[in-house]
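The values are calculated or read from the model by the stated rules, or taken from the named source; none is laboratory data. Just so it is clear, the structure is predicted and the values come from calculations on it, not from any experiment. When we count neighbours, we look across all protein chains shown, and the Cβ atoms used for this are built from the backbone with ideal geometry, even at glycine.
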Amino acid sequence: MGELVERVRRALTDAPPGLLPARVAELLREAHGVGFTDLLQVDYRLAALLPLAGGDPVIDPGAPEWRCFDTQAPVHDDGTAYLPVSMRGERRGVLRAGPVADDPALLAELAEIARTLAHEVSAVDAGTDVYRRACRSRRLTLAAEMQWEMLPGRSRDRPSFSLAGQLEPAYAVRGDSFDWSDDDDRLWVTTINGMGEGVAASMLTTLATCALRNARRAGLSLADQAALADQAVFDLHRGRQYLATLLVELDLRTGVLSVVDAGSPRLVLLRDGEVCDQPLEEQFPLGMFEATDYHEQRVELRRGDRLFMLSDGVVEATGQDVRYGETMLENFLRRTASQAPLDAVRSLLGDLRTFVSGELADDAVVVCLDWNGPQP
């Protein structure tokens, strides 16, 4: 089993960026007589699996492709294997291959090859448009293109935590965004409730995100990161534009959460089946005033805690003159307790779209973080 996986890895390392799935197909044909191999990527909305080579999108949630994507496990159905194309919790899509025998050892080998493909696609993605062009079911607005370019990823899994986030409306998002960095013994997460419309909103969020990254990479504390980004936004806009922002730092050795609430998106805790807002001291949004002094608060997480970071576009979503509201939100968060973070995020935003009967009028960002406890 290891020999074929290693051959695939070497072949992908040397292949042109756009031909990675084709190289996998060639090697599977030679080794196992596999007649067809397709890479299906999940779209920006997490609602369709789109074949890289073209063809009909897979939108039926009961289809084997979606069963594979949702369970993150190989699925064998009617002579065809469906393998999760994922790496470190980032779900890129599904590899579909057949005819394939229903043999556990063979499926395990193909699953490892699909994981190798995910790593290689991620490695080349920034230098080619092949994969990003093929994972959109319609054109993104310019503002949305800018926002998606800034994201570090949509999900991440480690033994100590699982993390996922999503933007909506996915193809026309303007100012809401999130950012995270996994730094061995620290996890940093930022959610931004943007201000303004169109490209102007996206540019404001981009400025704040880059300023926060610059401060974080300089080794500054969470409060100082907020202060530096606050000054960067104020220097440019002189208080005319600003951003509500939530900054979080999680110590992966202890489970202690440090938080700066800069007029922020909400922080909601799901613990033992109960939902409660975390009481945070609301400080000024980034860029509202010059030289704002920020300070941190501490929250001790327990093993099994789930945190949601939500912009106001979630609770204030309106359908038929009725707001989604606190009660519906809390009930829905409880119902998603057994789901993985990415599935919980996808379910919540899908419920919002159903509630408003279409696109959200306001941006919404949802980030979900599960704390599994300190790990060796």
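Within the stretch 78-128, being free of Cβ contacts under 8 Å to residues at least 12 places away in the same chain and within 14 Å of Arg9 (Cβ to Cβ) holds for one residue alone: Ala123.
When we screen Asp184, Asp179 for residues that are in contact (Cβ under 8 Å) with a residue 24 or more places away in the chain, among the charged types (D, E, K, R) and either in contact with a Ser or Thr (Cβ under 8 Å, 6 or more places away or on another chain) or surrounded by 23 or more Cβ atoms within 10 Å (Cβ to Cβ) (or both), the only hit is Asp179. For the stretch 136-176, filtered to residues that are in a strand (DSSP E or B) and over 12 Å from the mean Cα position of the chain (by Cα), the residue that is surrounded by the most Cβ atoms within 10 Å (Cβ to Cβ) is Phe161.
The condition (being among the polar types (S, T, N, Q) and on the phi > 0 side of the Ramachandran plot) is satisfied by just one residue among Ser357, Ser347: Ser357. The single condition from (1) crowded, with 18+ Cβ neighbours inside 10 Å; (2) acidic (Asp, Glu); (3) farther than 26 Å from Ser202 by Cβ that Asp363 fails is (3). In this structure, is Ala114 closer than 30 Å to Leu207 by Cβ and of a type in the set (A, V, I, L, M)? So Ala114 fails the test. The residues on offer are Leu220, Leu228, Leu236, Leu212, and the sole one that is over 29 Å from Leu329 (Cα atoms), part of a loop (DSSP other than H, G, I, E, B) and among the aliphatic types (A, V, I, L, M) is Leu220.
Considering the stretch 235-266, the residues that are at pLDDT below 95 and within 19 Å of Ser221 (Cα to Cα) include one that is surrounded by the most Cβ atoms within 10 Å (Cβ to Cβ), namely Ser264.
Looking across the stretch 96-117, the residues that are in contact with a helix residue (DSSP H, G or I) (Cβ under 8 Å, 6 or more places away or on another chain) and under 17 Å from Asp77 (Cβ atoms) come down to Arg96, Ala97, Val100, Leu106, Leu110. Of everything in the stretch 320-346, what is among the small types (Gly, Ala, Ser) and buried (at least 16 other Cβ atoms within 10 Å of the Cβ)? Give them in sequence order. Ala340, Ala344, listed by residue number.
Going by the structure shown, is Phe308 within 16 Å of Val275 (Cα to Cα), of a type in the set (Phe, Trp, Tyr) and at pLDDT 95 or above? Yes: the conditions hold for Phe308.
Candidates are the residues of the stretch 71-88 that are among the hydroxyl-bearing types (Ser, Thr, Tyr) and farther than 13 Å from Pro99 by Cα; the one that is surrounded by the most Cβ atoms within 10 Å (Cβ to Cβ) is Ser86. Residues in the stretch 170-215 that are among the acidic types (Asp, Glu) and on the phi > 0 side of the Ramachandran plot: Asp184 alone.
Would a scan of the stretch 215-227 turn up a residue that is modelled with pLDDT under 95, buried (at least 17 other Cβ atoms within 10 Å of the Cβ) and not acidic (Asp, Glu)? For the stretch 215-227, residues modelled with pLDDT under 95, buried (at least 17 other Cβ atoms within 10 Å of the Cβ) and not acidic (Asp, Glu): absent. Of everything in the stretch 267-281 that is under 30 Å from Leu207 (Cβ atoms) and at pLDDT 90 or above, the residue that is surrounded by the most Cβ atoms within 10 Å (Cβ to Cβ) is Leu267.
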